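The values are calculated or read from the model by the stated rules, or taken from the named source; none is laboratory data. The model shown is predicted, which means the values in this text are computed figures rather than measured ones. No Cβ is skipped: glycine too gets one built from the backbone with ideal geometry, and neighbour counts run over all protein chains shown.
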Ligand code: ADP
Ligand code: ASP
Ligand code: MG
């Protein structure tokens, strides 16, 4: 008998009909003699709906109350799915994150899981019940409800699998695996049958929302085999696992994109030591994460300094930067929140030169202007105008021959 964790995302539980289909799949797996823990997201669109309700009351809701609000989405789904299972004669019980004792730190809206108390869940499993757990939420040491950041139910699933020492963690979603690019952007993207943690981590952190980055980090740390599958059709999906010796490293595993960033530039900054720190410290103090940073070579003792932040933090970063500009005597501050970051990811890049050249040529041929570039051993990212999102992703996908014939 195996212990399997299933996770169903928003679209998979988007209607009561779909919840019944999920229940059928669980009953089927249970019949094979397995113990099952199910982690579910809120019904599709629900988290966004709750967010917009909060925004109608205030532009800046307190992070604690936002978590109280957002966690209700998942609570609806666990109850409905458990009812559906019971109706089908399958013994089941639902738990919120707080009830399972998914203990997190106190960073509201993007909390990290520290510990999970599994005794209660194990007891229910031994009694033959399916345990249905609310994704995306936990509780801090003072009993406050926390949430794990957008897409956080993936992380709940992997954390449950780790805590329970499960044999498998299956992430059921609206695509039948991880593709060489977002299949909603690139029609002829191909499903990857297998991917290493490292490749998936890079894809996720560069914007491939099919898995939350933290879920992949967790899986890598605790060696949990993750499989991404469709909840609508049969198939073997994509296995995310350790690199095996006989697994030939692909040059490029895929193209990721991120439309959640915005760019800020301080112009005419005095080119002297300490400037980067003067510009970025107040940004960090405001809890704003900075992604790409570019500083040009100075001319006439003056230079430009550009960086990107999450689009939600754009206005806040801009107002901080305007204050800093006065202090450091910079000429001007500029910003653009209509940009997109496109990244080419591949572990095989380590041993191959010329990837960057192919990218620049492909974009130039398409007359797409590159605004920023950043590289690491296994990825090259470029920032371009958001109007080039689809053409940029497609052209790079084609340039590396990733499409289906
Ligand atoms: P869920 O609600 O099940 O968690 P998400 O919307 O969070 O689903 O993630 C699935 C979506 O991720 C897909 O519909 C797809 O548009 C998007 N996606 C982005 N990049 C990729 C990729 N490389 N492979 C597969 N899906 C991707
Ligand atoms: N419901 C949350 C979200 O929409 C968590 C998740 O679906 O994973 O981000
Ligand atoms: Mg998701």
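Tally up the residues in the stretch 316-361 that are in contact with a strand residue (DSSP E or B) (Cβ under 9 Å, 6 or more places away or on another chain) and closer than 30 Å to residue 272 by Cα, please.
Within the stretch 316-361, residues that are in contact with a strand residue (DSSP E or B) (Cβ under 9 Å, 6 or more places away or on another chain) and closer than 30 Å to residue 272 by Cα number 19.
Can you tell me which residue in the stretch 360-381 is nearest to residue 252 (Cα to Cα), limited to those that are outside any loop (DSSP other than H, G, I, E, B) and touching a helix residue (DSSP H, G or I) at 6+ places or on another chain (Cβ under 6 Å)?
Among those that are outside any loop (DSSP other than H, G, I, E, B) and touching a helix residue (DSSP H, G or I) at 6+ places or on another chain (Cβ under 6 Å), it is 379.
Mind listing just one residue for me: the one in the stretch 13-29 that is at pLDDT 95 or above, in contact with a strand residue (DSSP E or B) (Cβ under 7 Å, 6 or more places away or on another chain) and more than 23 Å from residue 67 (Cα to Cα) and, of those, farthest from ligand 2 (Cβ to nearest atom)?
26
Check the stretch 98-107 and report whether any residue there is surrounded by 20 or more Cβ atoms within 10 Å (Cβ to Cβ), touching a residue at least 12 places away in the same chain (Cβ under 8 Å), closer than 24 Å to residue 16 by Cα and touching a strand residue (DSSP E or B) at 6+ places or on another chain (Cβ under 7 Å).
no
So the check is Cβ under 8 Å with 6+ separation or different chains; which pairs have a first residue in the stretch 1-27 that's farther than 13 Å from residue 78 by Cβ and free of Cβ contacts under 8 Å to residues at least 60 places away in the same chain and a second one that's away from ligand 3 (no atom under 14 Å from the Cβ) and part of a loop (DSSP other than H, G, I, E, B)?
1/33; 1/34
Going by the structure shown, is residue 158 part of a helix (DSSP H, G or I) and touching a helix residue (DSSP H, G or I) at 6+ places or on another chain (Cβ under 7 Å)?
Yes; evaluated as a whole, the condition is true for this residue.
Does residue 77 meet the test of being within 16 Å of ligand 3 (Cβ to nearest atom), modelled with pLDDT of 95 or more and assigned to a helix (DSSP H, G or I)?
Spelling it out, residue 77 is indeed within 16 Å of ligand 3 (Cβ to nearest atom), modelled with pLDDT of 95 or more and assigned to a helix (DSSP H, G or I).
Within the stretch 1-11, which residues are under 23 Å from residue 212 (Cα atoms) and either in contact with a helix residue (DSSP H, G or I) (Cβ under 6 Å, 6 or more places away or on another chain) or exposed (fewer than 14 other Cβ atoms within 10 Å of the Cβ) (or both)?
The answer is 5, 7, 8.
Cβ-Cβ distance below 6 Å, separation of 6 or more or different chains: which pairs start in the stretch 330-354 with a residue that is closer than 22 Å to residue 186 by Cα and end on one that is at pLDDT 95 or above and in a loop (DSSP other than H, G, I, E, B)?
340/259; 343/206
Counting just the residues of the stretch 12-43 that are touching a helix residue (DSSP H, G or I) at 6+ places or on another chain (Cβ under 8 Å) and in a loop (DSSP other than H, G, I, E, B), which one comes out farthest from ligand 3 (Cβ to nearest atom)?
43
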